[in-house]
Amino acid sequence: MSEKGSADTAKRKKQHISISDYFSKRKKVSLEGSTVNNKEHKESFSTENMSAFEESEAEKILSMILVDADKEVIEISGLQHLNAKVDIPNYFNRMPCCSRPLPHLKPSDNHSILFDVHSLGNKAPQPYPEYYKDYWDKTHVRMPCSDENLYPTSDKKIQKRWDLIEEALLKGFQTSKDLEDAVLKYNHHYKNKWNFEAWHSYCNIYLDDRGRDYLFKKLLPSMVRLALQLPNIVTQSPKLLQKGRNQSLTFSQKQISCLLANAFFCTYPRRNSLKTSDCFGYPDINFSKLFRGVKDVVNCVKTEKLKAILNYFGCVIDEVKCGTVTYTRKILSPTDEPDWKECNSLFTDIHVSSIGNIEDNADGLTQIDFANRMIGGGVVGEGCVQEEIRFLICPELILARLFTEKLEPNESLLITGIERFSTYSGYAQTFKYRGRFNDLTPVDRWGRRYSQVLAIDAHVFHCYSDQFKKSSLKRELNKAFCGFLEKDIQKNELPAIATGNWGCGAFGGDIYLKALLQLMAASNAGRNIVYFTFGDEKFANELTEIHKFIQENSLTVGNLWNMLLRYKQDLKDSHIQLYPYIKDFFKGVSKNISSIEVSFSGEEDNLEMRGIPCEIPDDMESNSPEYAAETP
């Protein structure tokens, strides 16, 4: 599991709950403590008569019961982070106070803007250009509404796929099966590959009659109207954020909601894993895997995911959003790559907290997404750890999957301006949607909220000692530095970094090492760090203490680099804890650290050869959802 998921995993009982299992557990508990509000159902559904129900009747009654009422079924975490008070030092830079004035927004060679910049204001910006302009090539998103998007129908004729999409979606939905039939009408090649059992369970088992009425009579029809306005709302094919290029895309929130509505209805073409496909190196964007499940089985995690995502659509339909969001692919060029051995930067400050978390307690800071190099990881599939949860409560992040090619070792992705729509509790299998979130973050001159999410993908290590190799240290340092560095902005205008146990848990990273690497990268970029240990008070104290030791002894980033190289050599003989090693090493060598010669015995294998897949096979997906690449 990831950084805070191991404890939750030890407590959890099941991920999937069959109807029969659910009833057998319910026999053991009194319904007096359940969250069912309907008295009539409470009386009829008693422990004496529940076993007599046929399964079809059981599903109807089960729709009145929230799965989280039974702690034997799923363990729920509290909302402690929302109420936590994290005392970040006042001198740490925060947006908007530290932010420099923005110039007028205008497009450039490396910044595409999909709306009329002169229409920014209290209404949703108008799309640009006025009329739809299509690009059907390898450098742009292939849009569902393109005239080039042709599709063979069941009678072997060729038809514009958009016509099929309109016809299928405009029929409306009375049942969950209607949505399945509609989606498969313009995806009939996947008829025997896709299933919608998680969707059916959500609609027919989880929702009560009132919830189903809202979903089928109001929400889904509104989402269909939003999706089918695509050629009028997004009037050009967005560019792809391809590897090796510094490039930005800015959308209006209305455009994002329209594009995501199309993702929900699985309208995007050519999103598959064939190596010959244009989109082979891109994440999946269609929501088909979110709908996938096992017949007559309630998938608790996917139910909560659907609740969060449908809450987002409810929000943007109830109130048209007027803001904007920018997605920026950042490249660390060879000329900007530090020589870590010679780096003379002193360490910046760190505030370590064992309470709170990044998304709830770091307003105005650059917040780290512990990313998959396929951005978003398993958010529309099985995964539900740090990255996926962030994308679920801020679904505008999911749009990055539409156009962001997998990240290379010297690349990161910065998303500026996203809005948060949901509250939650739990982690991994205990994740629970807890209701709407009212995001009051102020906006900048371009209409973007003062919020930044920085996606940096850690390497995965199956062998503990591999992460201490020179190539591994360099890779992780450069990855973090790529994200933290802002060459064109003064350091006093940059917000502090909010992070935590990046690259740990299932990624195999050592929390002590990863914390130091992030601190080294941030120090070289001139930025302070707020570090959340997710309840680990012992580690919080140890990190605070080693940072104090480093600053009191005026160690440089280069000094620590050399210590880490030496630590790898000494690690062969016996396991020595890293932080005590640094103190002992300094006391023995004192100020001559920079002159240490570290020898290597040819063990520095190429990192990409040794180390470690950024994608894993489908059959391992449930074991490591946080870094599984979900590409259909």
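Any read-out appearing in this document is the output of simple, stated calculations on the displayed coordinates, not a laboratory observation. Since the structure is predicted, the reported quantities are computational estimates derived from the model, not experimental observations. Positions of Cβ are generated from backbone atoms using ideal geometry, with glycine treated the same way; all protein chains shown enter the neighbour counts.
For residue 462 and residue 85, compute 0.36 nm times the residue count separating them, minus their Cα-Cα distance, and round to one decimal in nm.
On the way: separation 377, 0.36 × 377 = 135.72 nm, distance 3.65 nm.
Full extension from residue 462 to residue 85 adds 132.1 nm.
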**Q.** Qualifying trypsin sites (Lys or Arg not before Pro) for the stretch 277-351 [loop in DSSP, other Cβ within 10 Å: at most 15]
**A.** 295
Q: Using a cut-off of 13 Å between beta-carbons, work out the net charge of the residues near residue 251 (Lys and Arg +1, Asp and Glu -1, residue 251 not included).
A: +1
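Would you list 497, 550, 489 from fewest to most Cβ contacts within 10 Å?
Lowest count first: 489, 550, 497.
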(Q) With unit charges on the beta carbons (Lys and Arg positive, Asp and Glu negative) and the dipole taken about the Cα centre of the stretch 111-583, which residue among 579, 301, 187 sits farthest to the positive side? (A) 187
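Going by the alpha-carbon gyration tensor, a ≥ b ≥ c the square roots of its eigenvalues, is the stretch 415-464 rounded (a/c under 1.5) or, if a/c is not under 1.5, prolate (a/b greater than b/c) versus oblate? Could the numbers behind the result be given before it?
Values: a/c = 5.49, a/b = 1.37, b/c = 4.02.
In terms of gyration-tensor shape, oblate.
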Q | Net +/- balance of residues flanking residue 93 in space, Cβ distance below 15 Å, scoring K and R +1, D and E -1 | A | 0
Q: Could you work out the local net charge near residue 445, counting Lys and Arg as +1, Asp and Glu as -1, over the other residues with Cβ closer than 13 Å to its Cβ?
A: +3
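Under the rule a/c < 1.5 gives rounded, and otherwise a/b versus b/c splits prolate from oblate, where does the stretch 285-330 land using the Cα gyration tensor? If you can, show how the numbers build up before the last one.
On the way: a/c = 3.44, a/b = 1.69, b/c = 2.04.
Judged from the Cα gyration tensor, the stretch 285-330 comes out oblate (a/c at least 1.5, b/c at or above a/b).
Once you've got the Cα coordinates, tell me which of 177/307; 548/568; 289/432; 514/538; 177/305; 193/432 are over 21 Å apart.
Pairs exceeding the cut-off: 548/568; 193/432.
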Q: For the stretch 235-343, state which GluC sites (Glu not before Pro) are in a DSSP loop and have at most 13 other beta carbons lying within 10 Å of their beta carbon.
A: 319
**Q.** Förster radius 56 Å - calculated FRET efficiency between residue 109 and residue 158 (Cβ-Cβ, nearest 0.05)
**A.** 0.90
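Would you mind classifying the stretch 405-494 by shape? Square roots of the alpha carbon gyration tensor eigenvalues, ordered a ≥ b ≥ c; an a/c under 1.5 is rounded, otherwise it is prolate if a/b is larger than b/c and oblate if not. Walk me through the numbers on the way to the answer.
On the way: a/c = 3.08, a/b = 1.31, b/c = 2.36.
Oblate, because a/c is 1.5 or more while a/b does not exceed b/c.
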Q.
Can you list residues from other chains, or at least 5 along the same chain, whose modelled amide H is less than 5 Å from the amide H of residue 422?
A. 437
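Just want the ordering: 547, 462, from fewest to most Cβ atoms lying within 10 Å of their own Cβ.
Neighbour counts put them in this order, fewest first: 462, 547.
What percent do you get for the relative contact order of the stretch 111-583 when only Cα pairs under 8 Å and 6+ apart count?
Numbers: 905 pairs, mean separation 78.7, N = 473.
Once divided by the residue count of the stretch 111-583, the mean separation gives 17 percent.
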Q) List the chymotrypsin sites (Phe, Trp or Tyr not before Pro) in the stretch 279-348 that DSSP assigns to loop (not H, G, I, E or B) and whose Cβ has at most 15 other Cβ atoms within 10 Å. Which are they? A) 280
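Cut-off is 10 Å between beta-carbons; in what order do 130, 148, 419 appear when sorted fewest neighbours first?
Listing 130, 148, 419 from fewest to most nearby Cβ atoms yields 130, 148, 419.
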Q. Once the Cβ-Cβ distance between residue 178 and residue 294 is put in as r, and R0 is 25 Å, what FRET efficiency do you end up with, to the nearest 0.05?
A. 0.75
